[in-house]
Amino acid sequence: MAPHLARLLLHTAHLVTFVVLVATGLLLLVPTLRAAVTGGYSLLIRETHRWGGVAFLVLPAVIVARAGARSVFVSPADRTLRAVWQGLHLGITIAIGGVLTLTGFALWSKRLVPEPITELSRTLHDWLTYGAIVLLAAHLGEVAVAAVVARIAAGTTSAVGHPRR
């Protein structure tokens with residue numbers, strides 16, 4: 001598999017599963033919203049959230065295993081501020097994803113886990129979700145700024161984003 005295709009699939013799988021998890025998590029967290037959307041408690045929402053969490057872990061792992069870690073995680077040629085940010089972003093994403101997965105499984109099997117660990121898992125899961133949303137917003141902002149800077153540097157657009165004539 002070509003590295004650019006693997007990275008595209010990895011981003012797509014991660015984004016789609018993350019959006020499913022945030023949407024279903026929000027419906028589980030806010031009963032009035034859930035009632036407005038589904039009419040009340042929905043096992044489908046809970047199961048979609050649980051299995052979305054499994055997909056959040058498994059799909060990227062399958063893509064990386066199929067493409068090879070060296071072709072997906074390419075070291076940058078230059079050590080720029082953006083390259084440092086991207087490496088930091090990747091590390092934080094993997095760490096948050098791992099802890100969200102562990103806490104999600106602890107919540108999923110709460111009958112097997114002691115109550116204090118379940119409560120700690122719930123708190124960590126909630127706060128890390130907020131952190132992941134902020135990280136996604138920062139990532140999208142960084143990509144947008146980098147695209148504008150690259151276009152300006154290439155001379156294809158003006159500073160306000162309009163095509164040059």
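Quick notes
- Residue in region 48-85 that is farthest from the chain's Cα centre (by Cα), counting only those that are more than 14 Å from L9 (Cα to Cα) and of a type in the set (V, I, T): T80
- Helices (runs of 4 or more DSSP H) lying entirely in region 31-137 (those with 3 or more residues that are surrounded by 12 or more Cβ atoms within 10 Å (Cβ to Cβ) and modelled with pLDDT of 85 or more): 43-67, 81-108
- The residues of region 19-30 that are buried (at least 17 other Cβ atoms within 10 Å of the Cβ), more than 13 Å from the chain's Cα centre (by Cα) and within 19 Å of L102 (Cα to Cα), listed by number, are T24, G25.
The values are calculated or read from the model by the stated rules, or taken from the named source; none is laboratory data. Here the structure is a predicted model, which means the values were calculated and not measured. Quick reminder, even Gly has a Cβ in these numbers, built from the backbone with ideal geometry, and neighbours come from all protein chains shown.
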